Amino acid sequence: MRILVSGGLGFIGSHTVVELINHHHEVVIIDNFYNSQLSTLYKIERITGKKPAFYEVDATNLETLENVFQRYDFDGIIHFAGYKAVGESVKKPLDYYFNNLVSTMNLARLAIENKVPKFIFSSSATVYGDGVSPFNETMELLERTNPYGETKAMSERILTDTVKANPNFNVVLLRYFNPIGAHPSGLIGEVPNGTPNNLMPYVTQVAKGIREKLFVFGNDYDTIDGTGVRDYIHVVDLAKGHVAALEAKIVGVEAINLGTGKGTSVLEIIQAFEHANNIRIPYEIVDRRPGDIATSFADTTKAKRLLNWEAKLSILDMVRDAWNFEKNL
Ligand SMILES: NC(=O)c1ccc[n+]([C@@H]2O[C@H](COP(=O)([O-])OP(=O)(O)OC[C@H]3O[C@@H](n4cnc5c(N)ncnc54)[C@H](O)[C@@H]3O)[C@@H](O)[C@H]2O)c1
């Protein structure tokens, strides 16, 4: 299949492009370098032996996006492009609503106009709000606590309504849990913009000496050791989930969780990192972060049933590969 990948030079996008090429799909990437570098394109080529077509295009600009659709007939679109920092979205709601919603609407519009049958959207476990884990796709979505989460819930709604009006348009809403790790080659991984908001890049920066210590937000949650519990998934497993979603016969619209189904606490991640890489991670317990929930993990049965996909890699693989990437940066 020939697949358009928006945001294909970003963290999850670049790993997905590698897996698509490994599965003999033809890839066309668009990205506006908001949170990526051109060097990632050459790294993808080093890993796969193939350089995908690339266009510097902003997905909120319908005209330049149309030019790409004039050049190619696509069999599918995977839409990663977007802003993703929860805290920043509270400070810049208009930027988040504009970029995340307009890019989704533009790509959906062009998909319909050009009869592209498949659309895969990067959604997030954050759409479940502060509900009770394991999160199941049939659960009612609770109110989100930040504009970022709201853009994901709204995009899901926009795409669902678009499917209802267009019977030949099929959409998979992939709700990611917590992707971490990096490609085992050490060539591509997560490069956060400024101070990392997520645990893993913070840990690897402490390991490298860029930051003095890790701040753990709260140890009085009702969890195994009081720290927050999340469903960490290796980014390579997550990338393979996209290939499975593309190749599966999905008719209409389906929301599908991509997680491992297992929760791991912050302290367990620190211990795993220290054990796998033989590096001590100094940390300090500080107050809870507003908006954080105690526990989040996926019910993974729908992904197994519809996509015949499940995560294979362990927490040790994740912390080893994350460090392997960071130390080579
Ligand atoms: N990383 C996570 O923990 C996580 C969890 C759930 C959902 N998601 C979603 O998955 C998607 C990919 O996340 P990621 O971690 O790879 O983020 P990322 O920032 O690494 O990748 C996003 C890419 O999109 C590009 N981009 C942003 N706006 C664009 C625009 N208007 N036009 C063209 N390109 C644009 C950026 O330059 C970047 O390369 C995002 O939509 C994100 O919200 C991520």
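What's the number of the condition Leu9 fails, among (1) part of a loop (DSSP other than H, G, I, E, B); (2) more than 18 Å from Ser185 (Cα to Cα); (3) in contact (Cβ under 8 Å) with a residue 24 or more places away in the chain?
Among (1) part of a loop (DSSP other than H, G, I, E, B); (2) more than 18 Å from Ser185 (Cα to Cα); (3) in contact (Cβ under 8 Å) with a residue 24 or more places away in the chain, Leu9 violates only (2).
What pairs can you find where one residue is in segment 240-261 and of a type in the set (Lys, Arg), the other is modelled with pLDDT of 95 or more, and their Cβ atoms are less than 6 Å apart, with a gap of 6+ or different chains?
Note: pairs meeting the criteria are Lys240/Glu19.
Six or more apart or on different chains, Cβ under 7 Å: which pairs go from a residue in segment 45-60 that's free of Cβ contacts under 8 Å to residues at least 40 places away in the same chain and part of a loop (DSSP other than H, G, I, E, B) to one that's of a type in the set (Asp, Glu) and away from the ligand (no atom under 16 Å from the Cβ)? Could you list them?
Lys51/Glu45
Suppose we keep only residues that are under 19 Å from Pro93 (Cα atoms) and free of Cβ contacts under 8 Å to residues at least 60 places away in the same chain within segment 151-178. Which one would you say is nearest to the ligand (Cβ to nearest atom)?
Start the filter on segment 151-178 by keeping residues that are under 19 Å from Pro93 (Cα atoms), which leaves 151-158.
Narrowing the set further to residues that are free of Cβ contacts under 8 Å to residues at least 60 places away in the same chain leaves 152-155, 157-158.
Working: Lys152: 7, Ala153: 12, Met154: 13, Ser155: 9, Arg157: 16, Ile158: 14 Å.
Once the filter is applied, the top-ranked residue is Lys152.
For residues that are assigned to a loop (DSSP other than H, G, I, E, B) and either at pLDDT 95 or above or touching a helix residue (DSSP H, G or I) at 6+ places or on another chain (Cβ under 9 Å) (or both), tally how many sit in segment 194-230. Spell out how you get there, then give the answer.
Quick first cut of segment 194-230, residues assigned to a loop (DSSP other than H, G, I, E, B) only: 194-198, 209-213, 218-228.
If we keep only those that are either at pLDDT 95 or above or touching a helix residue (DSSP H, G or I) at 6+ places or on another chain (Cβ under 9 Å) (or both) as well, we get 195-197, 209-213, 218-228.
Selection size over segment 194-230: 19.
Check whether at least one residue in segment 122-139 is buried (at least 23 other Cβ atoms within 10 Å of the Cβ) and either free of Cβ contacts under 8 Å to residues at least 12 places away in the same chain or over 27 Å from Thr264 (Cα atoms) (or both), and report yes or no.
Taking every residue of segment 122-139 in turn, none turns out to be buried (at least 23 other Cβ atoms within 10 Å of the Cβ) and either free of Cβ contacts under 8 Å to residues at least 12 places away in the same chain or over 27 Å from Thr264 (Cα atoms) (or both).
When segment 264-315 is examined, which residues are found to be under 18 Å from Thr204 (Cβ atoms), within 20 Å of the chain's Cα centre (by Cα) and in a helix (DSSP H, G or I)?
Passing the criteria: Val266, Ile269, Ile315.
The rows are residues; the columns are (1) basic (Lys, Arg); (2) surrounded by fewer than 16 Cβ atoms within 10 Å (Cβ to Cβ).
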{"site": "Val116", "(1), (2)": "no, no"}
{"site": "Arg144", "(1), (2)": "yes, no"}
{"site": "Arg157", "(1), (2)": "yes, yes"}
{"site": "Leu174", "(1), (2)": "no, no"}
{"site": "Ile180", "(1), (2)": "no, no"}
{"site": "Gly186", "(1), (2)": "no, no"}
{"site": "Glu190", "(1), (2)": "no, no"}
{"site": "Thr195", "(1), (2)": "no, yes"}
{"site": "Gln205", "(1), (2)": "no, no"}
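Just give me the residues in segment 1-15 being on the phi < 0 side of the Ramachandran plot and within 12 Å of the ligand (Cβ to nearest atom), in sequence order.
Matches in segment 1-15: Leu4, Val5, Ser6, Gly8, Leu9, Gly10, Phe11, Ile12, Gly13, Ser14, His15.
Against the condition within 10 Å of the ligand (Cβ to nearest atom), farther than 25 Å from Leu38 by Cα and assigned to a helix (DSSP H, G or I), how does Ser103 come out, does it pass? Write out each step before concluding.
Working: within 10 Å of the ligand (Cβ to nearest atom): yes; farther than 25 Å from Leu38 by Cα: no; assigned to a helix (DSSP H, G or I): yes.
So Ser103 fails the test.
Tell me which residues, restricted to segment 217-235, are surrounded by fewer than 20 Cβ atoms within 10 Å (Cβ to Cβ) and of a type in the set (A, V, I, L, M, F, W, C). I'd like the intermediate steps shown before the answer.
So the first thing to find is which residues in segment 217-235 are surrounded by fewer than 20 Cβ atoms within 10 Å (Cβ to Cβ), and the list is 217-226.
Listed by number, the residues that qualify are Phe217, Ile224.
Could you list, in sequence order, all residues of segment 16-69 that are within 15 Å of the ligand (Cβ to nearest atom), in contact with a strand residue (DSSP E or B) (Cβ under 8 Å, 6 or more places away or on another chain) and acidic (Asp, Glu)?
Asp31, Glu56 - these are the residues of segment 16-69 that are within 15 Å of the ligand (Cβ to nearest atom), in contact with a strand residue (DSSP E or B) (Cβ under 8 Å, 6 or more places away or on another chain) and acidic (Asp, Glu).
Could you grab the pairs with beta carbons closer than 8 Å, sequence gap of 6+ or different chains, first residue in segment 202-217 and free of Cβ contacts under 8 Å to residues at least 24 places away in the same chain, second one assigned to a helix (DSSP H, G or I)?
Hits for this filter: Arg211/Tyr202; Arg211/Gln205.
Exactly one condition in (1) in contact with a His (Cβ under 9 Å, 6 or more places away or on another chain); (2) hydroxyl-bearing (Ser, Thr, Tyr); (3) assigned to a helix (DSSP H, G or I) is false for Ser122; which is it?
Looking at each condition in turn, Ser122 falls short on (3).
Identify all residues within segment 151-188 that are of a type in the set (Asp, Glu) and closer than 20 Å to Ile12 by Cβ; write none if there are none.
Just the residues of segment 151-188 that are of a type in the set (Asp, Glu), to begin with: 156, 161.
Once the filter is applied, which keeps residues that are of a type in the set (Asp, Glu) and closer than 20 Å to Ile12 by Cβ, segment 151-188 yields only Glu156.
If the Cβ limit is 8 Å and pairs must be 6+ apart or interchain, which residue in segment 305-318 that is at pLDDT below 95 pairs with which residue that is not hydroxyl-bearing (Ser, Thr, Tyr)?
Once the first residue is at pLDDT below 95 and sits in segment 305-318, no partner that is not hydroxyl-bearing (Ser, Thr, Tyr) comes close enough.
A quick yes/no check of all residues on (1) within 11 Å of the ligand (Cβ to nearest atom); (2) among the β-branched types (Val, Ile, Thr); (3) closer than 13 Å to Lys152 by Cα; (4) not in a helix (DSSP H, G or I):
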{"site": "Ala81", "(1), (2), (3), (4)": "yes, no, yes, yes"}
{"site": "Val90", "(1), (2), (3), (4)": "no, yes, no, no"}
{"site": "Ile112", "(1), (2), (3), (4)": "no, yes, no, no"}
{"site": "Lys115", "(1), (2), (3), (4)": "no, no, no, yes"}
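The values are calculated or read from the model by the stated rules, or taken from the named source; none is laboratory data. As the structure is a computational prediction, the values presented were derived from the model and not from experiment. Glycine also receives a Cβ, built like all others from the backbone with ideal geometry; neighbour counts cover every protein chain displayed.
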